[in-house]
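Heads up, the thing below is written out as structure tokens.
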Amino acid sequence: MSNSSPRHFLTLLDLTPNELHWVIQRAIELKQIRNSKTLYEPFRNQVLAMIFQKSSTRTRVSFEAGMAQQGGHAIFLSPRDTHLGRGEPIADSARVISSMVDIVMIRTFAHAQVEEFAAHSKVPVINALTDDYHPCQLLADIQTFVEHRGSISGKTVTWIGDGNNMCHSFINAAKQFNFKLNVACPDGYLPNTQLMANNADRVHLVQDPKQAVIGSHLVVTDTWASMGQEDEKKARETAFEDYQVNPTLMDLAEPEALFMHCLPAYRGLEVSHDMLSDPRSVVYDEAENRLHAQKALMEFLLLQPQV
Ligand code: CP
Ligand code: NVA
């Protein structure tokens, strides 16, 4: 069982840059361990509770498979089947669930909900996506960049599209991993003003996508309508029509530029039909790296290595 004040991973700011680098390097090692089919079970007798209040493919499979492959167990909890979905207070749920498991991951709507859960949890809590942040995806994305191009420190990244949870986590990543970030979002869909202001030294709003990608080593986008915004889909398609990432836009970036998307992707909208199969696209590596990066994150939180 964990100590009385567990470490949590609610945003990238919860780990130091040094600790984040440890997680990325460990993720690369754990990928090699898995690829060499070496049995490695540091999570024996450890249980992960996975609370999902939104849909998921990659996050659920990567956490559940990762726990099983490293000798532990995962429990999938949906609001349909638990009292969380019937109004039991988050604080009570946190006290109870965290008294029975070793680590918890939560995907939900308001970021304040994971903060409240964490405040009452006896064990580490991982944010597996809120309306505001998606830090686990960034671990996989940075791992992917490092594997393809080496350190991301000092590089230029461009975010195209909605100023959403992924964009916010890229802003935090710019600070923690020391890169420059151009943000190209239309009016009305800009990232959080305070977050932009806090990172004004390295994060710049460049609303024209063609201008924004010039000099970029990595171009990233995401769906125009996140989970919970389904009713806004049509209005957003109009607002974002000039913000599609396609090979022609990528040609304006650095010749070695990579393209990332956390998936699921909507071809013909935020990406052209041919973008995901373009040689510059590493989207499926990003998806696989969710598995390795989250194993490394859980090792960090559960086993508390000297970093
Ligand atoms: N990228 C990502 O988090 O995917 P899922 O919604 O499928 O988990
Ligand atoms: N911004 C998207 C990411 C999905 C992984 C959403 O929140 O739906």
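The values are calculated or read from the model by the stated rules, or taken from the named source; none is laboratory data. Predicted model only: the values in this text are computed from it and were never measured. Remember, those area values only see protein heavy atoms, side chains included, never the ligands or the DNA or RNA. Shrake-Rupley method; radii C 1.70, N 1.55, O 1.52, S 1.80 Å.
Among the listed pairs LYS234/LYS295; LYS175/LYS210; LYS37/LYS180, which have their C-alpha atoms separated by more than 31 angstrom in this model? Before the final figure, lay out each step's value.
Values: LYS234/LYS295 38 Å; LYS175/LYS210 24 Å; LYS37/LYS180 38 Å.
Among LYS234/LYS295; LYS175/LYS210; LYS37/LYS180, the Cα-Cα distance tops 31 Å for LYS234/LYS295; LYS37/LYS180.
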Surface share of carbon and sulfur [accessible, 1.4 angstrom probe, percent] for segment 238-302: 49 percent
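Suppose the chain between PHE76 and ARG267 were pulled fully straight at 0.36 nm per residue; how much longer would it get relative to their current alpha carbon spacing?
That pair, PHE76 and ARG267, stretches by 65.8 nm at full extension.
Starting from the Kirkwood Rh over alpha-carbon pairs, what translational D in µm² s⁻¹ does segment 40-87 have by Stokes-Einstein at 20 °C and 1.002 mPa s? Walk me through the numbers on the way to the answer.
On the way: Rh = 11.4 Å.
It diffuses with D of about 188 µm²/s by this estimate.
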statement: For segment 1-140, one quarter of the surface area of the C-alpha convex hull, expressed in nm², comes to 8.3 nm²
query: Just the Cα atoms of segment 114-188: what Rg and Dmax do they give in Å?
result: 14.1, 42
message: Give me, ordered by chain and number, the residues 5 or more places off VAL203 or on other chains with an amide H under 5 Å from its own placed amide H.
response: LEU181
statement: Carbon/sulfur accessible area of segment 79-204, % of total, 1.4 Å probe, equals 48 percent
GLN46 long-range amide H proximity, modeled H, under 5 Å: HIS73
- request: Give me the accessible area per residue for the chain, probe 1.4 Å, as a whole number in Å².
  value: 43 Å²
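Could you work out the equivalent-ellipsoid semi-axes for the chain, taking the square root of 5 times each eigenvalue of the Cα gyration tensor, largest first, in whole Å?
Calculated on Cα positions only, the semi-axes equal 31, 22, 18 Å.
Over the chain, calculate the relative contact order: mean separation of alpha carbon pairs under 8 Å at least 6 apart, over the residue count, as a percent.
Details: 585 pairs, mean separation 63.4, N = 307.
Result for the chain is 21 percent.
When the helix-only estimate is applied to the chain (DSSP H runs of n ≥ 4, each -39,500 (n - 2.57), divided by the residue count), what is the mean residue ellipticity at 222 nm, nearest 500 deg cm²/dmol?
So the helix-based figure for the chain works out to -12000 deg cm²/dmol.
Send over the Kirkwood Rh of segment 19-67, from the inverse of the averaged 1/r over different Cα pairs, rounded to one decimal Å. Walk me through the numbers before you get to the answer.
On the way: mean 1/r = 0.0784 Å⁻¹.
Taking every pair of different Cα atoms in segment 19-67, averaging 1/r and inverting gives 12.8 Å.
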statement: Dimensionless Rg/Rh of segment 214-267, both radii on Cα and Rh by Kirkwood, sits at 1.03
message: Give me the three principal axis extents of segment 81-159 from the C-alpha atoms, as integers in angstrom, largest value leading.
response: 46, 24, 22
query: Each residue of segment 179-192 in order: what ³J(HN,Hα) in whole Hz does its phi give by Karplus 6.51 cos²θ - 1.76 cosθ + 1.60, θ = phi - 60°, with x for Gly and Pro?
result: 10, 8, 10, 9, 10, 10, 10, x, 3, x, 10, 6, x, 3
query: Taking the convex hull of the alpha carbon atoms in segment 178-307, what volume per residue do you get, in Å³?
result: 153 Å³
task: Calculate, in nm to one decimal, what ARG44 and ALA91 gain on full extension: separation in residues at 0.36 nm each, minus their alpha carbon distance.
output: 14.1 nm
- line: If one builds a Gaussian network model of the chain from Cα atoms under 10 Å apart, the most fluctuating residue listed among GLN46, GLN32, GLN70 is GLN32
